[in-house]
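Read through the structure below, which is laid out as structure tokens, and then see the notes.
Taken together, the values in this text are just the output of simple stated rules run on the coordinates, not laboratory data. The shown structure was predicted, so the numbers you read here are calculated from the model rather than taken from an experiment. Cβ placement follows ideal geometry from the backbone for every residue including glycine, while neighbour counts extend to all protein chains displayed.
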Amino acid sequence: MVGIIFLGGGTARRFGGEAKQHLTIAGKTLLEHGFAFARYCFPNAVCVAVTPEDSRVPAGMLRTLEDPPLGGPVAGISAGLDALLEQAPHLLDHETYVAVLSGDSPTSALLLPELLQAIHGHSGAVCARGEKTNYLTGIYRLSTLRAALPDNPHGAGAYRTFKHLDLALVNDDRGLSRDVDSPADVATVSDIVRRELAQHTAPSSTLAVGQAHTQLS
């Protein structure tokens, strides 16, 4: 694992214009929870948030934004990848991996160890929940991701961009990839966050890859 891109949640009209990644659950924003869970799994990963400038972006996290703004998820991935490579250009010299997560899906980072294990022999590994494949919760080989992104990513959709890739599917049986699309989702996602906080702050708790170097509560 090398870098993790957290995509912003758009204009969030259903939340009065409040960016969804900055909604608060259990005393922290969704983005703060996502960053903490990511560092739990991969303490040395470089993390970047694709979001407008905001004081609530966690310390230690890079921030960038697609230009022009509101370009959609593929434009956000492109901007996030540029920020990662600007911070660590040596990554181009190695076969490395980049994860893509949604900033309003606070526990999706906990799927990363399983996704990383599944990627072997494939161009990437993405989450599947029910009949839906979620290209925005996944890990991609850096070379594959760079080749898949269009020259002009503004307005490009994730399905059209990534559907042709050889991707392993990882079933999300615990609902870790649930995001906040509407106010009705807040209670469900809050329950998932609290459940995972209780499990992963226990002294004996470890994940498949990596150990906790950061307390989550």
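Here the relative contact order of the stretch 101-203, from alpha carbon pairs under 8 Å that lie six or more residues apart, stands at 35 percent. Compute the signed sum of charges (Lys and Arg +1, Asp and Glu -1) over the other residues within less than 11 Å, Cβ to Cβ, of Thr64. Net charge around Thr64: -4.
For Lys132, what charge total do you get from the other residues with a beta carbon under 14 Å from its beta carbon, if Lys and Arg give +1 and Asp and Glu give -1? Display every interim value, and only then the final one.
Details: positive: Arg129, Lys163, Arg178; negative: Glu131, Asp172, Asp173, Asp179, Asp181.
It works out to a net charge of -2.
Across the stretch 133-147, coupling constants 3J(HN,Hα) worked out from phi with the 6.51/-1.76/1.60 Karplus curve, θ = phi - 60°, read 9, 10, 6, 9, 10, x, 10, 10, 5, 4, 4, 5, 4, 4, 6 Hz, and Gly and Pro carry x.
With the Cα gyration tensor of the stretch 110-154 giving a ≥ b ≥ c as the square roots of its eigenvalues, does the rule (a/c under 1.5 for rounded; else a/b larger than b/c for prolate; else oblate) give rounded, prolate or oblate?
Judged from the Cα gyration tensor, the stretch 110-154 comes out oblate (a/c at least 1.5, b/c at or above a/b).
Counting only DSSP beta bridges with both residues in the stretch 3-200, the antiparallel share comes to about 40 percent.
When a footprinting reagent is the concern and you count Cβ atoms within 10 Å, what order do Ser55, Ser108 take, fewest first? Before the final figure, lay out the partial values.
Values: Ser55 5, Ser108 28.
Exposure proxy ranking, most exposed first: Ser55, Ser108.
Modelled spin labels at Arg174 and Asn44, positioned 7 Å past Cα toward Cβ, are 2.4 nm from each other. Relative to one another, the C-alpha centroids of the stretch 164-186 and the stretch 57-124 are positioned 16 Å apart. Amide H to amide H, with H built 1.01 Å from N, Thr96 comes under 5 Å of Leu142, Ser143, counting only residues 5 or more places away or on other chains. Net charge dipole, the chain: roughly 380 debye, given to the nearest 20, about the Cα centre with Cβ charges of +1 for Lys and Arg and -1 for Asp and Glu. Mean sequence separation of contacting Cα pairs (under 8 Å, at least six apart), scaled by the length of the stretch 3-200, corresponds to a relative contact order of 24 percent. By the combined test of axial Cα extent (at least 20 Å) and Kyte-Doolittle hydropathy (mean at least 0.0), the qualifying DSSP H helices of the chain come to 73-87.
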